[in-house]
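These notes concern the structure reproduced below.
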C-alpha cells in the first residue's frame, strides 16, 4: 500500500466529503453548484456560514453571515445560473433571503428535530429534486431519528415546494407526507437521474439488512417503494452513499462495515455486480465521493483518506492511502 501524508489534503478531503452529503447527479444544469454549511452565525469566525460555489468551474469559498445553521443535514438548490432558491437543515426550510419559507417550519416532526431546532445531525438526511416537467416545483425527501435508543428512522417523508408562492420566494404546499414506513438506517438518502434524462431514482436503506428501497420520480409524482436485496447486511451505521457523476456506479461506505460498490442500471434502478472491499481502519466516520470521470473513488474515516480504482480487476488491491 502506498502511503503519503498531507495535512492540507486531509483537511480538504474532510470538508469536501462532508459537503458531498447532499449532492446529486444534475448534469449541465448548475442546480447543485452551491454548497452551504456552517453554524452559529451570531458568533465571530470561524463560526458562521461558509459557501462553496462551483458555478464558475472553480471552487470559490466565502464567509456568509446568515441565520440558518447547518450541522450535518444540508440540502440546497439553485436556479440554472446558480442563484439560491432555498435550503434546509432538516429542521426547517429557508428561502433565498434566509427567512423560514412559507409553511416551511416543522419538517421531520418528533423529539429528535425538537432537540435540534437549528439543524439535524444526520448525514444525507435531506435531498432536493426538481419535479420533472414542472419548472417551479421541487420535491424534498427527508427523514429524522424516530427511535432514539436504536438510532433508526421509521419514516421517509416527502415535502412539495412551489416557487411561484410568496412573491417568488416559494412556499410548501405538501409537508411531511409519509411515503415509506420501515426501520431505516438514518440518512443516506440519495438519487440518480433515470436513463431517460428526465426522471429520477431515489434510494434509502433498511436497517439491519441488505435491502435498498427505491422510488421512481416522474411528472406524475413519486412511485410506491420498490426494493432490492443486494450487498452486505448494514447494521445501525452512519457514513455516506453516492453515485458516480455518470450514474453508472454506486458506493456505500461506513468505516465499521466497510465499502460496497455496485453497478447501476438507470433504466430499472437495479444494482448489480456487488463488490465488497474490507478496509482495516479502526477509526469511525465515513465519507465517500467519486472523481469527476467516475474512475476513482475516495473514502475517508475520521483520520485517514483512501483512493480506489473502480475499473481495476482487483478494486481492493488498488487501494492507495492518500492522506492522514
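Averaged over all directions, how much area does the convex hull of the C-alpha atoms of the range 34-174 cover when projected, in nm²?
Orientation-averaged projected area of the Cα hull: 9.0 nm².
Please state, rounded to one decimal and in Å, the Kirkwood hydrodynamic radius that the range 265-324 gives when every pair of distinct Cα atoms enters the mean of 1/r.
In the range 265-324 this quantity evaluates to 12.7 Å.
Given the chain reduced to its alpha-carbon atoms as identical point scatterers, what log10 I(q)/I(0) does the Debye formula return at q = 0.07, 0.09 Å⁻¹? Values, matching the q order: -0.25, -0.43.
Counted over the range 151-242 with a bin width of 10 Å, the fraction of Cα pairs per bin, in whole percents, is 15, 42, 31, 11, 2. The Cα center of the range 96-175 and the Cα center of the range 201-262 differ in position by 20 Å. Per residue, the chain reaches -1500 deg cm²/dmol at 222 nm when only DSSP H runs of four or more residues are counted, each adding -39500 (n - 2.57). Using the average count of surrounding beta-carbon atoms within 10 Å as a protection proxy, the listed peptides 118-128, 293-303 rank, highest first, as 118-128, 293-303. In a Gaussian network model over the chain where Cα atoms closer than 10 Å are linked, find which of 47, 250, 262 has the largest mean-square fluctuation. Ranking 47, 250, 262 by mean-square fluctuation puts 47 first.
Please list log₁₀ I(q)/I(0) at q = 0.14 Å⁻¹ for the range 100-167, using the Debye equation with identical point scatterers on the alpha-carbon positions. Log-scaled intensity ratios, in q order: -0.48.
Here, each number is a calculation from the coordinates, and none is a lab measurement. Given the structure is predicted, the values throughout are model-derived calculations rather than measurements. Reconstructed Cβ throughout: ideal geometry from the backbone, glycine too, with neighbour counts over all protein chains shown.
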